[in-house]
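Visitor: Can you read through this structure? Questions will come right after.
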Amino acid sequence: MHPIDHIGIAVNDLEASIKMYQETFGYEVDEREILEKSGVELVFLKAPNTLLELLRPLNDQSPIAKFLAKRGQGIHHICFRVPDIEAELKKLADQGVELIDKTPRPGAYNSKIAFIHPSSTDGTLIELCQREV
Ligand code: CO
């Protein structure tokens with residue numbers, strides 16, 4: 001079992017959503033990053049036992065742009081934090097799990113991340129990350 005590192009939430013307007021989470025729930029911004037290659041801008045909000053990751057698309061080709069167009073704003077993925085992402089991906093591949101990323105790519109907080117295809121996880125997009133906490 002792995003701890004939940006964060007919950008990813010796709011939004012149309014980062015500033016509006018940051019304000020909503022601050023004013024409604026008291027969450028504060030912990031980190032803000034642009035991942036050009038993944039086509040997203042990310043804002044992490046600190047919760048006591050996990051993080052909320054707000055995602056905004058950088059362009060129309062971004063997977064988040066496609067998600068928003070198809071499904072609208074809302075929960076996009078759940079991320080499990082693993083101690084050794086390469087070993088975890090190999091184990092999952094050996095189990096026949098369909099991986100979107102067969103090798104890790106760079107994520108926020110200097111992490112390594114990889115996504116698992118929802119067809120292998122009962123419809124939920126699962127991200128794995130390896131990072132120092
Ligand atoms: Co994420």
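Visitor: Cβ-Cβ under 6 Å, sequence separation 6+ or interchain: first residue in the stretch 81-102 and closer than 14 Å to S119 by Cα, partner of a type in the set (S, T, Y) and open to solvent by 40 Å² or more (accessible area, probe 1.4 Å). Which pairs?
Guide: Filtered contacts from the stretch 81-102: V97/S120; E98/S119; E98/S120.
Visitor: Here is a follow-up. Output the residues belonging to the stretch 122-133 that are open to solvent by 40 Å² or more (accessible area, probe 1.4 Å) and out of contact with any Lys or Arg (no Cβ under 8 Å at 6 or more places or on another chain).
Guide: Scanning the stretch 122-133 gives D122, G123, T124, E132.
Visitor: Can you name every residue in the stretch 97-118 that is among the hydroxyl-bearing types (S, T, Y) and open to solvent by 80 Å² or more (accessible area, probe 1.4 Å)? Before you say what the answer is, go through the steps one by one.
Guide: Here is the first cut: in the stretch 97-118, the ones among the hydroxyl-bearing types (S, T, Y) are 103, 109, 111.
Within the stretch 97-118, T103 is the sole residue that qualifies.
Visitor: Another question, then. List every residue pair whose Cβ atoms lie under 7 Å apart, where the two residues are 6 or more positions apart in sequence or sit on different chains, the first residue falls within the stretch 103-131 and is under 17 Å from P3 (Cβ atoms), and the second residue, located anywhere, is part of a loop (DSSP other than H, G, I, E, B) and within 10 Å of the ligand (Cβ to nearest atom).
Guide: Correct list of pairs: I113/G107; C129/G107; C129/S111; Q130/S111; R131/S111.
Visitor: OK, next. Do we have F67 as touching a residue at least 60 places away in the same chain (Cβ under 8 Å) and buried (at least 16 other Cβ atoms within 10 Å of the Cβ) here?
Guide: Working: touching a residue at least 60 places away in the same chain (Cβ under 8 Å): no; buried (at least 16 other Cβ atoms within 10 Å of the Cβ): yes.
So F67 does not fit the description; no.
Visitor: Is it the case that K112 is more than 23 Å from Y27 (Cβ to Cβ), among the basic types (K, R), within 16 Å of the ligand (Cβ to nearest atom) and in contact with a helix residue (DSSP H, G or I) (Cβ under 8 Å, 6 or more places away or on another chain)?
Guide: yes
Visitor: So for the stretch 39-56 (the condition being surrounded by 17 or more Cβ atoms within 10 Å (Cβ to Cβ), within 14 Å of the chain's Cα centre (by Cα) and either among the small types (G, A, S) or within 14 Å of I126 (Cβ to Cβ) (or both)), does at least one residue qualify?
Guide: yes
Visitor: Right, here's the next one. Only one of (1) more than 15 Å from the ligand (Cβ to nearest atom); (2) under 18 Å from L125 (Cα atoms); (3) out of contact with any Gly (no Cβ under 8 Å at 6 or more places or on another chain); (4) not acidic (D, E) fails for P104. Which number is that?
Guide: All conditions pass for P104, except number (1).
The values are calculated or read from the model by the stated rules, or taken from the named source; none is laboratory data. Keep in mind the model is a prediction, meaning the values are calculated, not measured. Counting neighbours? That spans all protein chains shown, and the Cβs are built from the backbone with ideal geometry, glycine included. Ligands, DNA and RNA are stripped out before the accessible areas are found, and what is left, the full protein with its side chains, is counted by its heavy atoms. Shrake-Rupley method; radii C 1.70, N 1.55, O 1.52, S 1.80 Å.
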